[in-house]
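For reference, the structure discussed in these notes is given below.
The values are calculated or read from the model by the stated rules, or taken from the named source; none is laboratory data. Model, not experiment: these values are computed from the prediction. Using ideal geometry, Cβ is built from the backbone for each residue, glycine included, and neighbour counts are taken over all protein chains shown. Heavy atoms of the whole protein, side chains included, go into the accessibility calculation; ligands, DNA and RNA do not. Shrake-Rupley method; radii C 1.70, N 1.55, O 1.52, S 1.80 Å.
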Amino acid sequence: LAGTYGESAGAPDECLVEMAEHLAQFDLLGFSSMTGYATLTAEIIQAVREINPDVYVVWGGIHPIIVPEDAITHADAICTGEGELAFEEFFEAYKNGRDFTETRNFWFRTGDKIIRNGFRPLMTQEEMAALPTLLYGENEVIFEPGKGFVELDHARYIDYNGLGYNTVWSIGCPFKCTYCGNTKFIDNDAKYRSIRHPGVPYIMDELEQAVKMPPHISSISFHDDSFLALPKRVLREFAEQYKERVGLPFCILGVIPNYVNEEKLQILLDAGLNRARMGIQNGSERILKFYERPTPPEKINKAAAVFRKYRRYMIPPAYDIILDNPIENREDVLANLEFLHKLPRPFTLNIYSLRTIPNTRLVEQFEELKISLDEISANYTHNAPTLANCLVYLIATLRVPAWLFRWLSKRAEPLMAPQPHYPKLVLFCRLLFFVRRAISHLRFMDFSVLTGKAGYLLWKSGFIGFWTRWFVPRYRLPSQEASGDAPAAGSARDMPDEQVGLG
């Protein structure tokens with residue numbers, strides 16, 4: 001549903017009817033959703049069944065993997081693991097009238113009986129490389145209230161996605177943090193800790209296809225869980241082909257502090273990296289241990305220092321932070337604030353309130369502590385209006401003077417402590433925060449986050465290309481020789497800031 005996060009409120013009845021009337025004409029329907037969209041997905045399925053009880057519904061995506069017991073109550077079949085090869089096997093049997101209920105990575109509901117099949121082995125690199133590239137810009141539709149399903153044309157794409165193209169290249173994560181859905185993936189197959197990808201040529205084919213249709217993409221976003229955990233040889237191959245075949249600025253939105261390495265960063269900066277997102281989650285060692293996240297503050301600081309060294313070539317990195325944990329005490333809150341205040345700048349934060357995903361270790365932890373999940377089940381972007389949270393937004397926006405930081409932090413309290421609330425102050429701090437972030441993106445003419453037609457007009461007029469060519473510093477590996485209008489290797493424009501007296 002365009003324009004909604006698909007939270008637990010679901011969709012208005014009139015929207016459900018509009019969607020269902022279109023979808024009910026098919027024999028087989030496939031849905032894919034995360035758990036945050038599960039209620040909306042279930043409502044759509046129910047509305048479709050009221051019109052066409054015979055439609056066969058398959059539900060895939062993260063939610064059926066994490067909470068299969070819920071998903072199977074709404075669908076006829078759910079995909080509980082990697083679906084690319086499993087769905088192909090299911091569909092071949094389905095369309096040819098053969099028994100498909102033995103398909104691995106699937107559960108099936110037949111009347112009151114549920115068939116729970118086991119798992120296929122995870123795809124190999126060769127199997128991933130043999131998959132067709134993602135369809136993009138070909139006969140896609142999107143739902144708009146009052147209009148039904150309409151063509152996802154050039155104008156609508158820009159309204160929803162700006163000038164960015166979003167993709168995932170590598171799969172897997174070596175960590176098993178208690179709050180993350182990856183814990184369920186790893187429980188199903190421990191090999192999910194390994195990072196797999198279909199090879200560099202595959203992702204380059206996808207990107208070349210994407211930037212040609214429609215031809216307005218000016219930035220690529222990789223949503224991999226741990227891009228920098230890839231080996232240097234793979235990153236070098238990626239960088240060489242990316243420069244030759246794509247050549248656009250790109251960002252990596254999955255960085256683990258432990259794998260931030262200056263040489264790897266240099267390779268990616270030379271290829272066009274202009275933005276990164278890293279999970280730090282908290283500055284309190286006690287809370288990090290509670291999350292079972294092996295990224296202590298010293299490793300986070302070390303990673304942030306590497307990003308700082310190359311700050312002239314990047315939009316300030318965004319660090320994920322989790323607030324409003326009910327087990328936090330005042331020492332935890334102060335440790336987190338002190339850590340953020342001293343963290344190497346520049347940076348911004350992705351500020352979230354703690355929310356639980358069903359069937360994760362975090363849910364078990366709170367149940368063991370007899371903490372009600374109802375207290376932490378609201379929208380993760382809605383932060384409690386506490387003074388501590390206001391201060392987090394201020395720290396992310398500007399360098400708070402030490403005297404003011406000390407004065408405010410003395411009055412900061414944990415979520416569960418009795419304290420005054422400041423809803424207007426939180427809104428004001430958030431406004432300043434988003435203005436600062438917008439300015440950072442505009443300095444690089446990056447419209448991968450800022451949606452709407454303004455960015456497209458700047459792209460169409462050639463202004464974005466002109467600006468990025470002449471006013472955005474571009475890092476070049478010192479070993480490369482200067483060519484064309486690229487700055488000479490070793491010039492001040494190509495050196496880390498510390499080497500030109502800007503540290």
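Numbers below:
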quantity: Whole-Hz ³J(HN,Hα) from phi, Karplus 6.51 cos²θ - 1.76 cosθ + 1.60, for the stretch 158-165, glycine and proline x; calculated: 5, 5, 9, 10, x, 9, x, 10
quantity: CD proxy at 222 nm, helix term only [per DSSP H run n ≥ 4: -39500 (n - 2.57); per residue of the chain; nearest 500]; calculated: -11500 deg cm²/dmol
quantity: Sequence of 446, 27, 189 from largest to smallest accessible area, 1.4 Å probe; calculated: 27, 189, 446
quantity: Full-stretch length increase - residue 299, residue 425 - with 0.36 nm per residue and alpha-carbon distance subtracted; calculated: 42.1 nm
quantity: Carbon and sulfur %, accessible surface of the chain computed with the full protein complex present, 1.4 Å; calculated: 55
quantity: Cα-projected label distance for residue 194 with residue 114, points at 7 Å along beta-carbon direction, nm; calculated: 3.1
quantity: Sequence-distant residues sharing a close amide H with residue 56 (under 5 Å, placed H); calculated: 28, 29
quantity: Net charge of neighbours whose Cβ lies under 12 Å from the Cβ of residue 244, counting Lys and Arg as +1 and Asp and Glu as -1; calculated: -1
quantity: Charge sum, other residues only, whose C-beta stays under 12 Å from residue 322's C-beta, Lys/Arg counted +1 and Asp/Glu -1; calculated: -2
quantity: Amide hydrogen neighbours beyond the local backbone of residue 319, cut-off 5 Å, H modeled; calculated: 278, 348, 349, 350
quantity: Trypsin sites (Lys or Arg not before Pro) within the stretch 362-457, DSSP loop, no more than 10 other Cβ atoms inside 10 Å; calculated: 370, 410
quantity: In sequence order, calculated HN-Hα J values of the stretch 409-424 (Karplus, 6.51, -1.76, 1.60; Hz; x Gly/Pro); calculated: 5, 5, 9, 7, 10, x, 3, 7, 7, x, 6, x, 10, 10, x, 5
quantity: Within-11-Å neighbourhood charge of residue 192 [Cβ basis; K, R +1; D, E -1]; calculated: +1
quantity: Listed residue (335, 322, 306) projecting farthest to the positive dipole end of the stretch 303-351, Cβ model; calculated: 306
quantity: Förster radius 51 Å - calculated FRET efficiency between residue 331 and residue 139, Cβ distance, rounded to 0.05; calculated: 0.35
quantity: Accessible area in the full protein assembly, largest first, 1.4 Å probe, for 278, 445; calculated: 445, 278
quantity: Length gained when the stretch residue 286-residue 382 is fully extended (0.36 nm per residue, less Cα-Cα span); calculated: 32.2 nm
quantity: The chain - Rg over Rh from alpha carbon coordinates, Kirkwood radius; calculated: 0.96
quantity: Virtual spin-label span in nm between residue 470 and residue 338, 7 Å along Cα→Cβ; calculated: 5.0
quantity: Per-residue HN-Hα couplings for the stretch 198-210 [Karplus 6.51, -1.76, 1.60; θ = phi - 60°; Hz; x = Gly/Pro]; calculated: x, x, 5, x, 4, 5, 5, 4, 4, 5, 4, 5, 5
quantity: Dipole magnitude of the chain about its Cα centre (Cβ charges: Lys, Arg +1; Asp, Glu -1), debye to nearest 20; calculated: 2740
quantity: Whichever lysines have a C-alpha closer than 27 Å to that of residue 309, once near sequence neighbours (fewer than 8 apart) are set aside; calculated: 232, 243, 264, 299, 342
quantity: Stokes-Einstein D in µm²/s, Kirkwood radius over Cα pairs - the stretch 1-131 at 4 °C with 1.567 mPa s viscosity; calculated: 84
quantity: Placed amide H near residue 141: partners under 5 Å, 5+ positions off or other chain; calculated: 152
quantity: Accessible surface, per residue, of the stretch 276-429 when the full set of protein chains is kept, probe 1.4 Å, Å²; calculated: 44
